[in-house]
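The values are calculated or read from the model by the stated rules, or taken from the named source; none is laboratory data. Quantities reported herein were computed from a predicted structural model and do not represent experimental measurements. Every residue, glycine among them, receives a Cβ derived from its backbone with ideal geometry; neighbour counts consider all protein chains shown.
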Amino acid sequence: MTKKAHNTTKQILKKALIATIILTFYTLQTNAVSIGAGPAVLNFNNMVRGGYAEDSVTVSTSGTENLTVVIESTGQIKDWVTVSTPMPMPLMAGERKNIKIVVRPPVTASPGEYSAILYIRAAPTAGIGNSTGLALGAGVGIQINVNITGREIKGYSLKAVNVKDTEVTFPIDITTLIENTGNIPLQPTFKVKILTPTGEETTAQKEFTVGTFNPGIQENYTFTLPSTGLAEGKYAASIAIKIENNETDLANLGFTLLPPGSLRLKGEFKSITLSENTIAPQKPVKITGIFQNTGEVPTNAQLTVEVYKGTELIKTIDSTETRVDAGETQLLDVTYTSEQPGDLTIRGTITYSKKKTPEKEITLIVSGGGLPTTYIAIGAAVIILIIGGVVYYKRNYAL
C-alpha cells in the first residue's frame, strides 16, 4: 500500500470513528425524545466537480409523541449538502420517513476527500408551541463522506425490462428500469425494434431520446410502438441503448400479438348452486351458474350442465345464451328432472365469446323409491353390528 493510500484509509477510519462517537453521544442525549436515523454513514464516491449525487436517510420514532424535526449539515462541505424535505418537518408517533440527501460539489472543488455531519434534531411538537427552536442535545448525527475525482465515469445498469402480450392493432408497450452507475448525468437514446420469430425486422421500430438522469438515480421508461400491419403470432422486442457513439444491446424479449378481444374479454364462473340439494324422483330442480363479466366489453354467456351417475353421463343441458355487460353478474339457469333415485354429480361450465371457464361441480341426492347408496351402506353396517351383538350375547350369556 502506498503512503498516500495509507493516509487516505486512516482519514476514512478517523471520520467513521468520529461519526460513531457523535452518533452514540447524541443517542445518549435523547432518552426523553425517541428519535432514530440511519445509516450511520453516507459515502459519495468518485464524484466530479460540479456533479450531482443523492442518497437517503431514514428518520423514525418509536415513541408515543408527535415530534418536530430539523435536519441540517455542518462541517467543511455543509454548503454542498441539501435536504430535499422542507424544515422543520413533522414526524408522527411511530412514523418512519425516508429523506433524500443531495450532494452538489462546486466546479471549483479540488480532487480529494471531504466530510460533513448531518444533524437530525427533534423535540415533542406539543412542547415547542409556535417556536422552531429545538434542544441541541435532542438528536443524532450522520457522517457524510465525499470523494472528488478528476475522472468522468459513464455507466449504467439495466435493472428490469418487460413487454406484455397485446392484441392486434393495439399498441406494444415496453418498459425498462435503468440506473445511472457513473458519476455524470446521462441522456441516452433507446432503439426499439419488433422482430419476427426468425429475427427479421418489422416496420415497428423507433428511436427514443429521453431526458437527462443523474448519477445514482433509477429511471423508469416506457416505449410504445404501433402494431399496425402486424398479424397475430409471436414476436420479439429488441432494445438497445446508445450513449454518444456507443451502442449496446440491452434485451430481446418475446411476446404474442393476440386475436382482437382476447384481453378485453374476461369472465369468471363464480359458483354453481341447486334450488334443493335433495329431491324426489320426477321433481324438477333448478341448477344455477353465477357468471361475472370481468372484462371491458359485453359478452354472451351460456351455462352447460352435465349430469353423472357414477362415471356414466346421463344428460347434458344448455341454458339460454344471455348477454352480460362489462362488470355485470348474471344468473344462468337450467332445469333437470331425475327419473331414478340415487346420488348424482352435477358438473357445469360457462362458455362466453368462444372461451370456456374451468368446471365446477355439486352433488344432487334423488331420494324416494329406494335409499341413496350412502344410506344403504350405513344401514347394512348397523344390521351387521346388531347381528354380531346377538350372536355374542347368545354365546356368552345364554343358558
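Inspect all residues belonging to segment 308-323 and state whether any of them is of a type in the set (Val, Ile, Thr) and buried (at least 18 other Cβ atoms within 10 Å of the Cβ). Give the derivation first.
Initial filter on segment 308-323 (of a type in the set (Val, Ile, Thr)): 311, 314, 316-317, 320, 322.
Restricting the remaining residues to those that are buried (at least 18 other Cβ atoms within 10 Å of the Cβ) gives none.
No; the residues of segment 308-323 include none that is of a type in the set (Val, Ile, Thr) and buried (at least 18 other Cβ atoms within 10 Å of the Cβ).
Collect the residues in segment 277-297 that are loosely packed, with under 14 Cβ neighbours inside 10 Å and under 22 Å from Thr349 (Cβ atoms), keeping them in residue-number order.
Asn277, Pro284, Lys286, Thr294, Val297
So which of Val140, Val161, Val192 is within 30 Å of Ser262 (Cα to Cα), surrounded by 13 or more Cβ atoms within 10 Å (Cβ to Cβ) and in contact (Cβ under 8 Å) with a residue 60 or more places away in the chain?
Going through Val140, Val161, Val192 in turn, the sole match is Val161.
State the number of residues belonging to segment 157-169 that are over 20 Å from the mean Cα position of the chain (by Cα), part of a strand (DSSP E or B) and either assigned by TED's automatic domain parsing to the domain that holds Ile117 or of a type in the set (S, T, N, Q) (or both).
Adding up the residues that qualify gives 2.
How about segment 195-223: which of its residues are in contact (Cβ under 8 Å) with a residue 40 or more places away in the chain, surrounded by 12 or more Cβ atoms within 10 Å (Cβ to Cβ) and under 27 Å from the mean Cα position of the chain (by Cα)?
Across segment 195-223, the qualifying residues are Asn214, Pro215, Gly216, Ile217, Gln218, Glu219, Tyr221, Phe223.
Being over 30 Å from Val41 (Cα atoms) and surrounded by 17 or more Cβ atoms within 10 Å (Cβ to Cβ) is the requirement here; does Val146 meet it? Before you say what the answer is, go through the steps one by one.
Numbers: over 30 Å from Val41 (Cα atoms): no; surrounded by 17 or more Cβ atoms within 10 Å (Cβ to Cβ): yes.
So Val146 does not fit the description; no.
Return yes or no: is Glu152 out of contact with any His (no Cβ under 7 Å at 6 or more places or on another chain), within 19 Å of Thr248 (Cβ to Cβ) and surrounded by 17 or more Cβ atoms within 10 Å (Cβ to Cβ)?
In short, no.
Given Thr329, Thr351, Thr363, Thr357, which one is surrounded by fewer than 16 Cβ atoms within 10 Å (Cβ to Cβ), closer than 14 Å to Asn300 by Cα and modelled with pLDDT of 90 or more?
None of the others qualify; the one that does is Thr329.
If we keep just the residues of segment 278-304 that are more than 21 Å from Pro341 (Cα to Cα) and among the hydrophobic types (A, V, I, L, M, F, W, C), which is farthest from the chain's Cα centre (by Cα)?
The selected residue is Leu303.
Return the only residue of Ala122, Ala126, Ala109 being part of a strand (DSSP E or B), more than 34 Å from the chain's Cα centre (by Cα) and at pLDDT below 95.
Selected residue: Ala122, the only one of Ala122, Ala126, Ala109 that is part of a strand (DSSP E or B), more than 34 Å from the chain's Cα centre (by Cα) and at pLDDT below 95.
Out of the residues in segment 76-88 meeting the condition of being surrounded by fewer than 17 Cβ atoms within 10 Å (Cβ to Cβ) and part of a loop (DSSP other than H, G, I, E, B), tell me which one is farthest from the chain's Cα centre (by Cα).
Gln76
With the structure loaded, tell me whether Asn180 is at pLDDT below 90 and polar (S, T, N, Q) or whether it fails that test.
Working: at pLDDT below 90: no; polar (S, T, N, Q): yes.
So Asn180 does not fit the description; no.
Let me spell it out: the conditions are (1) in contact with a Ser or Thr (Cβ under 7 Å, 6 or more places away or on another chain); (2) crowded, with 17+ Cβ neighbours inside 10 Å, and Thr176 meets all of them except one. Which number is the exception?
Unmet condition: (1).
Do we find a residue being assigned to a loop (DSSP other than H, G, I, E, B), within 27 Å of the chain's Cα centre (by Cα) and in contact (Cβ under 8 Å) with a residue 60 or more places away in the chain anywhere in segment 224-246?
Checked segment 224-246: no residue is assigned to a loop (DSSP other than H, G, I, E, B), within 27 Å of the chain's Cα centre (by Cα) and in contact (Cβ under 8 Å) with a residue 60 or more places away in the chain.
Exactly one of (1) out of contact with any strand residue (DSSP E or B) (no Cβ under 6 Å at 6 or more places or on another chain); (2) touching a residue at least 60 places away in the same chain (Cβ under 8 Å); (3) not small (Gly, Ala, Ser) is unmet by Val297. Its number?
Every listed condition holds for Val297 apart from (2).
Say we look at segment 256-276 and pick out the residues that are in a strand (DSSP E or B) and hydrophobic (A, V, I, L, M, F, W, C); which of these is surrounded by the fewest Cβ atoms within 10 Å (Cβ to Cβ)? Explain how you work it out, then say what you get.
Step one: list which residues in segment 256-276 are in a strand (DSSP E or B), which gives 256-258, 267-274.
Applying the additional criterion that residues be hydrophobic (A, V, I, L, M, F, W, C) yields 257-258, 269, 272, 274.
On the way: Leu257: 20, Leu258: 15, Phe269: 21, Ile272: 21, Leu274: 17.
Selected residue: Leu258.
Only one of Thr85, Thr64, Thr108, Thr58 is without any contact (Cβ under 8 Å) to a residue 40 or more places away in the chain and under 22 Å from Asn214 (Cα atoms); which?
Details: Thr64 fails: under 22 Å from Asn214 (Cα atoms); Thr108 fails: without any contact (Cβ under 8 Å) to a residue 40 or more places away in the chain; Thr58 fails: without any contact (Cβ under 8 Å) to a residue 40 or more places away in the chain.
None of the others qualify; the one that does is Thr85.
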